[in-house]
Amino acid sequence: MARTTADPKADTFTFRLAPAMKAALAKSAAQEHKQPAELMRELVRDHIARRERQAFNEEARRQCLTINALAKDPDSDEAQVAREMEADLEAFADEWR
């Protein structure tokens, strides 16, 4: 039988499902005209992408909080940049009025 996976060096991962869950997976896969294994690969890819987005958002928030804390000092570079950004935003808003 020919390989159906795009990655010929893919590893096999075996796990257990309750019979009802396996039947529901098979039914869902059939409705989407896919093999259950392809549906599982999509679910894993979606899960990994969601975790990566979550990690990115958490790091962005951490950096934002750090910068905001530093910007409280009016003599800091961060405060200067914030003032410049506010001035740019005001100028941009004036152009659209």
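The values are calculated or read from the model by the stated rules, or taken from the named source; none is laboratory data. Just so it is clear, the structure is predicted and the values come from calculations on it, not from any experiment. Note that we place each Cβ from the backbone using ideal geometry, even for glycine, and neighbour counts take in every protein chain shown.
Structure notes:
- For region 46-67, the count of residues that are surrounded by 10 or more Cβ atoms within 10 Å (Cβ to Cβ), out of contact with any strand residue (DSSP E or B) (no Cβ under 8 Å at 6 or more places or on another chain), assigned to a loop (DSSP other than H, G, I, E, B) and of a type in the set (Asp, Glu) is zero.
- Looking only at residues of region 68-79 that are out of contact with any Leu (no Cβ under 9 Å at 6 or more places or on another chain) and in a helix (DSSP H, G or I), we find that the one that is surrounded by the most Cβ atoms within 10 Å (Cβ to Cβ) is ALA71.
- Unmet criterion (only one of (1) part of a helix (DSSP H, G or I); (2) of a type in the set (Asp, Glu); (3) loosely packed, with under 10 Cβ neighbours inside 10 Å) for ASP11: (1)
- Pairs with Cβ under 6 Å, 6+ apart, first in region 5-26 and farther than 17 Å from VAL44 by Cα, second assigned to a loop (DSSP other than H, G, I, E, B) and modelled with pLDDT under 95: none
- Options ALA6, ALA26, ALA82, ALA91; residue that is touching a helix residue (DSSP H, G or I) at 6+ places or on another chain (Cβ under 9 Å), modelled with pLDDT under 90 and either of a type outside the set (Ser, Thr, Tyr) or not in a helix (DSSP H, G or I) (or both): ALA82
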